[in-house]
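Only the coordinates and a few stated rules stand behind these numbers; no lab work does. Since the model is a prediction, treat every value here as computed from it, not as a measurement. Here the Cβ positions follow ideal geometry from the backbone for every residue, glycine too, while neighbour counts run over all protein chains shown.
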Amino acid sequence: MAIIQRSAFVALACAFALSFIALPALANDTLTLKEAWTRATPPGATNGGGFLMITNTGDEADRLTGGSVSGVGKVEIHTMVMDGDVMKMRELPDGLEVPAGETVTLKPGGDHVMFMQLEKPFEEGQMLDVTLTFEKAGDMSTMFMVQPVGATEPKHMHGSN
Amino acid sequence: MTTLSAVRYALWALLAGVVIGVTAAALGLFPGAQKGTVSGTATLGAPFTLTAMTGEPYSWEPATGAPHAIFFGFTFCPDVCPTTLYEMTTWLDRLGSDGESIKALFISVDPERDTPEKLANYLSAFDDRIIGLTGSREDIDKVAGDFRIYHKRVELDDGDYTMDHTASVLLFKPDGSFFGTIAYGEDAETAVDKLRRLARS
Ligand SMILES: [Cu+2]
């Protein structure tokens, strides 16, 4: 009887510990997504880059691995590098790491969320409801504001300023 | 004459021969080397005929009489190409009438996807002075080679692909000689200044 009681207690303790480990990931409270934006696409363009700031206040690194948005065939995580005067864009097959305690900024000319196979162009002023997928935090949604073609930074993000 | 002095004469003769030979070689080679350098710069770009976004043939040759800004890209490009096109639009805008004589050519390095119609549609978002050009793969490779533009197809998954390519804008004077480049991400003031000087060249 004592043995059964003890193993039941151990099982309960384990379940409690497991739920504790799983909880922060489900709650997504270690990652904050800010200033998400993209650019209006020229007529007929089939893809565009998305940019944002991701802050990880947790103790563990996470990874942005992909996402989805309606009207967009697929979403990948890419990087762009200049090799001398040559532009090279590559998919990051393992996604983009967001180290513990750090903020990662995706911006033009560097890492970006790649929206591919657009059904119709992104239009200035439009808001895109994007779901981003993280290895640990799971799916998180955020609104991407469509800035003008050629915008280099997320202007007018806060309305009042 | 002793054997020793004969050897000495022979050595002097040999030395004189070497000196004369080296001098002659240097004199002979120097103009050649210089000529090579000069023609290397002058031959950036060569006459070509491609297809304009209107569907009409478009020919370029060095001495066009108009200053040219020539750059290469592709419409599938999500970042650098629309940025450069947008910047070119704002630079030309800022130049106002100063920039009226400048012709801007956007040459596709992805002719398989960039049809004249696709280019016309895409470029309608930018300055009308920008002329989109495409052509056969062979013609594009030849033109890119003549302008020393690196380009390479890189596969992404699911059959998609991107193009690595030189992102600089090449500037040519009205007489066809090379004026300089505007690098990707170059400061707008510097770029506008270069275009202004190009327009007056
Ligand atoms: Cu990309």
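Taking other Cβ atoms within 10 Å as a rough exposure proxy, A:THR55, B:THR75 sort from fewest to most as A:THR55, B:THR75. Within the same chain, aspartates and glutamates fewer than 8 places from A:LYS34 are excluded, and of the rest, those with a Cα less than 18 Å from its Cα are A:ASP62, A:GLU97, A:GLU102, A:ASP111, A:ASP129, A:ASP139, A:GLU153. Neighbouring Cβ atoms from other chains, within 10 Å of the Cβ of residues in A:109-121, number 2 on average. Listed by chain and number, the aspartates and glutamates placed with their C-alpha closer than 19 angstrom to that of B:LYS173 are B:GLU61, B:ASP98, B:GLU100, B:ASP146, B:ASP193; residues fewer than eight positions away on the same chain are left out. Counting Cβ atoms of other protein chains within 10 Å of each residue's Cβ and taking the mean over peptide B:80-90 gives 4.
Legend: residue pairs A:LYS107/B:LYS103; A:LYS88/A:LYS136; B:LYS118/B:LYS152, Cα-Cα distance threshold 27 Å; pairs beyond threshold, A:LYS107/B:LYS103; A:LYS88/A:LYS136. In terms of surrounding Cβ atoms within a 10 Å radius of their Cβ, B:ILE182, B:ILE107, B:ILE70 rank from fewest to most as B:ILE70, B:ILE182, B:ILE107. Among B:MET163, A:MET140, the order by Cβ neighbours within 10 angstrom, fewest to most, reads A:MET140, B:MET163.
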